[in-house]
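K.L.:
Below you'll find the structure I mean.
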Amino acid sequence: MDVLQLCWVITYPIPFLAGHTTERLLFRHATLDDRSWWMEYHNNAEAIRFMPFALGSYEDCTRFIQWTLDRIPRDGSCLNAIIERSTGKPVAMIGLLTQEVERTTELEIGYHVLPSAWGKGYATEAAIACKEFARKHRLAPSVVSLIDEGNSKSVAVAERNGMYFERKVIHRDEEVMLYRIAL
């Protein structure tokens, strides 16, 4: 392990964002019951075009939510159901995730927004909240977002969150763009 890798220490377990609020949003743990509304994401070809999902697959929707639930006992990281506070309507799955990137563990801000909630600033608002939560709790020296090339909406969220493009990396056998901000 080189000196650079020693600098990227993450504090475990990742504290829960569940219950955290922003001006418009509430974070809560996802449950398998969230499939009822999360299928909107899986039913939209543009939403899943960068994801390894079959369009309209209830099984992939279940696998996606179970994947985030399985992370919690391992290290505390997960995507959260993001709820619009004024209406109680779910709008996204966003949170802090530990990710292995080229033999280094990174703390990622991951965000997936329902198509009906696109363009309202929810991803940016929640991503900034995740960054500030990681800073406040001293979870890592920096946070990243791993973004598929061509995903201009996610790039815009990362840039509004103060992140900069650092380099292309291999993550889960795919080349992605790594955006980073120091905390």
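K.L.:
Any residue in the range 125-144 that's at pLDDT 95 or above: show its pairings with residues that are assigned to a helix (DSSP H, G or I) and surrounded by 23 or more Cβ atoms within 10 Å (Cβ to Cβ) at Cβ separation under 7 Å, as long as the two are six or more apart or on different chains.
P.N.:
127/157; 140/134; 143/134
K.L.:
Further, regarding this structure: Going through the range 24-45 one residue at a time, which ones are outside any helix (DSSP H, G or I), of a type outside the set (Lys, Arg) and in contact with a helix residue (DSSP H, G or I) (Cβ under 7 Å, 6 or more places away or on another chain)?
P.N.:
If the condition is that a residue be outside any helix (DSSP H, G or I), of a type outside the set (Lys, Arg) and in contact with a helix residue (DSSP H, G or I) (Cβ under 7 Å, 6 or more places away or on another chain), then 25, 30, 44 are the ones that fit.
K.L.:
Out of (1) under 14 Å from residue 106 (Cα atoms); (2) in contact with a strand residue (DSSP E or B) (Cβ under 6 Å, 6 or more places away or on another chain), what's the single condition that is false for residue 138?
P.N.:
(2)
K.L.:
Sticking with this structure for a sec: Have a look at 128, 147, 109 and point out the one that is of a type in the set (A, V, I, L, M) and either in contact with an Asp or Glu (Cβ under 7 Å, 6 or more places away or on another chain) or more than 21 Å from residue 28 (Cα to Cα) (or both).
P.N.:
Exactly one of 128, 147, 109 is of a type in the set (A, V, I, L, M) and either in contact with an Asp or Glu (Cβ under 7 Å, 6 or more places away or on another chain) or more than 21 Å from residue 28 (Cα to Cα) (or both), namely 147.
K.L.:
Determine if the range 33-44 includes at least one residue that is within 13 Å of the chain's Cα centre (by Cα) and free of Cβ contacts under 8 Å to residues at least 40 places away in the same chain.
P.N.:
Within the range 33-44, not a single residue is within 13 Å of the chain's Cα centre (by Cα) and free of Cβ contacts under 8 Å to residues at least 40 places away in the same chain.
K.L.:
Take the residues in the range 76-106 that are touching a Ser or Thr at 6+ places or on another chain (Cβ under 6 Å) and modelled with pLDDT of 95 or more; name whichever of them is nearest to residue 26 (Cα to Cα).
P.N.:
Taking the candidates together, the pick is 79.
K.L.:
From the set of residues in the range 157-182 that are without any contact (Cβ under 8 Å) to a residue 24 or more places away in the chain and surrounded by fewer than 17 Cβ atoms within 10 Å (Cβ to Cβ), which is farthest from residue 123 (Cα to Cα)?
P.N.:
Once the filter is applied, the top-ranked residue is 173.
K.L.:
Suppose we keep only residues that are among the aromatic types (Phe, Trp, Tyr) and under 21 Å from residue 173 (Cα atoms) within the range 36-80. Which one would you say is surrounded by the fewest Cβ atoms within 10 Å (Cβ to Cβ)?
P.N.:
Looking at the filtered set, the residue picked out is 67.
K.L.:
Looking at 30, 81, 45, which is the one that is of a type outside the set (S, T, N, Q) and touching a His at 6+ places or on another chain (Cβ under 8 Å)?
P.N.:
81
The values are calculated or read from the model by the stated rules, or taken from the named source; none is laboratory data. Quick caveat, the model's predicted, so the values are computed rather than measured. Reconstructed Cβ throughout: ideal geometry from the backbone, glycine too, with neighbour counts over all protein chains shown.
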